[in-house]
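**Student:** Have a look at the structure that comes next, please.
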Amino acid sequence: ERLFHNDQYIQEFTTVIVEKTSRKIDKNTTKSAIILKSTAFYPTSGGQLNDIGSITFSKNNKVINVIDVIEEKHNIIHILDSVEDDAIVGDEVQGKIDWQRRLDHMQQHHGQHILSSAFIQVSGISTVAFHMSSSVSNIDLEVDKISEDVIIKVQDAANQVIIDARPVEITQHTIEEANKLPLRKKLDATLEEPIRIINIKDYDLQPCCGTHPNNTSQVQSIVILGCESIKKQTRLYFICGTRVTNYARQASSTFSSLGKHLSCSSSTQDVTSAVEAQIESYNQLKKTCNDYEKIVLRSTASELFQTADVTQSGSKLIVSELKGKDMRFMRAVAKEAVFSSNSIVCLYNCDAETQFVINCSTDLKQVDLRQVVKSLFVKVNGKGGGQAVSVTGTLKTNNSKLVHSECHDILNKL
């Protein structure tokens with residue numbers, strides 16, 4: 001018997017064990033589990049998360065936590081945190097659910113019903129999926145894009161339903177009866193009788209096996225956090241009830257902290273203005289740094305070009321260590337205009353191992369640097385690759401003289 005369908009507010013109950021079993025909770029862990037004659041523990045289903053709580057065994061008053069609840073072949077399995085070896089079928093137990101978790105799940109799930117109906121009524125957009133997590137819930141909507149104007153109107157409409165404090169009635173029907181009702185969504189053909197209908201007075205009718213409050217006011221509030229496009233649908237994120245209060249509390253704390261760091265008040269307007277000023281300052285500084293880096297890159301390339309050797313075929317050859325410079329910097333130097341004609345440049349750094357970049361100008365049609373690195377790896381253990389005119393990689397050595405000698409010898413023959 002599913003007590004939560006008769007009374008979604010039930011928190012404690014007494015029943016008996018009808019089966020002892022076990023279930024794997026991960027690859028290496030198996031936990032004891034029991035099936036009860038009746039239960040108020042809701043199993044994960046219909047997008048709603050499971051209840052947790054505790055089981056007290058009457059004969060010895062031992063209390064064991066219920067860490068998960070699942071449904072298998074119409075049986076509700078209560079997975080326990082530890083083993084009660086003395087328990088046998090027929091033993092009496094008292095169950096107690098984590099009420100704050102149940103209330104949170106009721107608020108999120110019923111909030112989804114309100115929100116999905118609001119999307120239909122405001123813009124004709126249907127919900128195709130619902131997912132609840134421990135922090136944020138989401139619905140997938142049958143549309144690729146949603147305007148900000150629609151989101152605002154839907155959120156306002158959903159919260160008005162909460163303010164209206166509409167009664168919520170739960171009724172049971174045959175499939176034939178349910179199909180005659182003005183349901184928000186067509187009846188799932190896989191549903192079995194009786195069909196459980198959640199009726200928000202004069203607003204929404206929808207089949208559902210989850211737990212719901214008896215009045216929309218208990219959802220408290222709905223806040224839409226944002227949305228994103230996923231496979232021609234829109235995934236919309238939202239929170240309800242006590243999660244909104246917690247979100248507001250965290251946001252207030254964040255703005256207060258930002259205000260202190262930015263030397264302004266914690267008001268949204270002042271913090272936003274201060275952050276925008278910081279971003280503008282950062283962008284200006286970044287532009288200045290980029291300008292200076294271009295000068296450094298050009299200067300470094302020019303100095304290296306002055307030290308160039310000549311290969312056996314007459315091309316300019318530069319092989320040089322750039323101490324303390326990363327791969328990004330070396331690649332940028334190697335691409336400088338001074339090396340754009342009749343040039344081969346090899347730059348490397350030696351830390352725990354050697355990083356290198358080798359470029360050649362596109363006019364050297366006979367050169368394929370991919371073959372060069374293969375020859376290099378025969379001499380020095382390493383890995384890398386790239387294109388005919390540009391390769392990068394690493395060498396399993398930090399011996400600068402060795403790297404310089406091997407690279408120069410191979411490249412000089414091109």
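**Student:** Of the numbered conditions (1) in contact with a Lys or Arg (Cβ under 8 Å, 6 or more places away or on another chain); (2) without any contact (Cβ under 8 Å) to a residue 12 or more places away in the chain; (3) open to solvent by less than 50 Å² (accessible area, probe 1.4 Å), Thr30 fails exactly one; give the number of that condition.
**Tutor:** (3) is the only condition that Thr30 fails.
**Student:** Among the candidates Ala40, Ala129, which residue alone is under 22 Å from Gly241 (Cβ atoms) and more than 29 Å from the chain's Cα centre (by Cα)?
**Tutor:** Just a single option satisfies the conditions, and that option is Ala40.
**Student:** For Glu406, work out the one condition from (1) within 21 Å of Lys323 (Cα to Cα); (2) open to solvent by 50 Å² or more (accessible area, probe 1.4 Å); (3) part of a helix (DSSP H, G or I); (4) not hydrophobic (A, V, I, L, M, F, W, C) it doesn't fulfil.
**Tutor:** (2)
**Student:** Further question: Among the residues that make up segment 210-217, is at least one of them open to solvent by less than 20 Å² (accessible area, probe 1.4 Å), of a type in the set (Gly, Ala, Ser) and in contact (Cβ under 8 Å) with a residue 24 or more places away in the chain?
**Tutor:** yes
**Student:** Any idea which of Ser313, Ser266 is in a loop (DSSP other than H, G, I, E, B), open to solvent by 50 Å² or more (accessible area, probe 1.4 Å) and in contact with a Ser or Thr (Cβ under 9 Å, 6 or more places away or on another chain)?
**Tutor:** Ser266
**Student:** Are there strands (runs of 3 or more DSSP E) fully within segment 324-401 with at least 1 residues that are within 38 Å of the chain's Cα centre (by Cα) and closer than 24 Å to Ile295 by Cβ? List them.
**Tutor:** Those strands (runs of 3 or more DSSP E) span 343-350, 354-360, 390-395.
Yes/no per residue for (1) assigned to a strand (DSSP E or B); (2) open to solvent by 40 Å² or more (accessible area, probe 1.4 Å); (3) among the β-branched types (Val, Ile, Thr); (4) touching a strand residue (DSSP E or B) at 6+ places or on another chain (Cβ under 6 Å):
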{"residue": "Ile10", "(1), (2), (3), (4)": "no, no, yes, no"}
{"residue": "Arg23", "(1), (2), (3), (4)": "yes, yes, no, yes"}
{"residue": "Pro43", "(1), (2), (3), (4)": "no, no, no, yes"}
{"residue": "Ser54", "(1), (2), (3), (4)": "yes, no, no, yes"}
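**Student:** Out of curiosity, is Thr15 polar (S, T, N, Q), closer than 15 Å to Ile88 by Cα, surrounded by 16 or more Cβ atoms within 10 Å (Cβ to Cβ) and at pLDDT 95 or above?
**Tutor:** Yes; evaluated as a whole, the condition is true for this residue.
**Student:** Shifting gears a bit: Can you pull out the residues in segment 31-41 that are within 14 Å of Glu12 (Cα to Cα) and not in a loop (DSSP other than H, G, I, E, B)? It would help to see each step written out before you state the result.
**Tutor:** Start the filter on segment 31-41 by keeping residues that are within 14 Å of Glu12 (Cα to Cα), which leaves 36, 38-41.
Matches in segment 31-41: Leu36, Thr39.
**Student:** Here's something else I'd like to know. (1) in contact (Cβ under 8 Å) with a residue 12 or more places away in the chain; (2) open to solvent by 40 Å² or more (accessible area, probe 1.4 Å): which one isn't true of Gly124, the others all being true?
**Tutor:** Failed condition: (1).
**Student:** Oh, and also: Determine which single condition His5 fails, assuming it passes every other condition in (1) within 30 Å of Val128 (Cβ to Cβ); (2) of a type outside the set (Lys, Arg); (3) at pLDDT 95 or above.
**Tutor:** For His5, the exception is condition (3).
**Student:** When you scan segment 304-319, how many residues do you find that are in contact (Cβ under 8 Å) with a residue 40 or more places away in the chain and in contact with a strand residue (DSSP E or B) (Cβ under 9 Å, 6 or more places away or on another chain)?
**Tutor:** Looking only at that region, the number is 6.
**Student:** Separate question: Is it the case, given these coordinates, that Asn342 is on the phi > 0 side of the Ramachandran plot and either among the basic types (Lys, Arg) or open to solvent by 20 Å² or more (accessible area, probe 1.4 Å) (or both)?
**Tutor:** On the way: on the phi > 0 side of the Ramachandran plot: yes; either among the basic types (Lys, Arg) or open to solvent by 20 Å² or more (accessible area, probe 1.4 Å) (or both): yes.
Taking the combined requirement at face value, the residue satisfies it.
Quick grid of which residues meet (1) open to solvent by less than 30 Å² (accessible area, probe 1.4 Å); (2) modelled with pLDDT of 95 or more; (3) touching a strand residue (DSSP E or B) at 6+ places or on another chain (Cβ under 6 Å):
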{"residue": "Lys186", "(1), (2), (3)": "no, no, no"}
{"residue": "Lys201", "(1), (2), (3)": "no, yes, yes"}
{"residue": "Asp204", "(1), (2), (3)": "yes, yes, no"}
{"residue": "Glu228", "(1), (2), (3)": "no, yes, yes"}
{"residue": "Gln233", "(1), (2), (3)": "no, yes, yes"}
{"residue": "His261", "(1), (2), (3)": "no, no, no"}
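**Student:** The conditions are (1) part of a helix (DSSP H, G or I); (2) farther than 28 Å from Thr14 by Cα, and His105 fails exactly one of them. Which is it?
**Tutor:** Against the list (1) part of a helix (DSSP H, G or I); (2) farther than 28 Å from Thr14 by Cα, His105 comes up short only on (2).
**Student:** His74 passes all but one of (1) within 23 Å of Ser134 (Cα to Cα); (2) open to solvent by 60 Å² or more (accessible area, probe 1.4 Å); (3) not hydrophobic (A, V, I, L, M, F, W, C); which number fails?
**Tutor:** So the condition that His74 fails would be (1).
**Student:** Considering each of Glu84, Glu177 in turn, give the residue that is surrounded by fewer than 18 Cβ atoms within 10 Å (Cβ to Cβ) and either outside any helix (DSSP H, G or I) or modelled with pLDDT under 95 (or both).
**Tutor:** Glu177
**Student:** Further question: Pick out the one residue from Asp104, Asp51, Asp81 that is touching a Gly at 6+ places or on another chain (Cβ under 8 Å), within 27 Å of Val136 (Cβ to Cβ) and not small (Gly, Ala, Ser).
**Tutor:** The match here is Asp104.
**Student:** Filter segment 82-113 down to the residues that are within 25 Å of the chain's Cα centre (by Cα) and among the hydrophobic types (A, V, I, L, M, F, W, C) and list them by number.
**Tutor:** Leu103, Met106, listed by residue number.
The values are calculated or read from the model by the stated rules, or taken from the named source; none is laboratory data. Please read these numbers as outputs of a predicted model, since none were measured by experiment. Note that each Cβ is placed from the backbone with ideal geometry, even for glycine, and that neighbours are counted across all protein chains shown. Accessible surface is based on the protein model in full, side chains and every heavy atom, while ligands, DNA and RNA are left aside. Shrake-Rupley method; radii C 1.70, N 1.55, O 1.52, S 1.80 Å.
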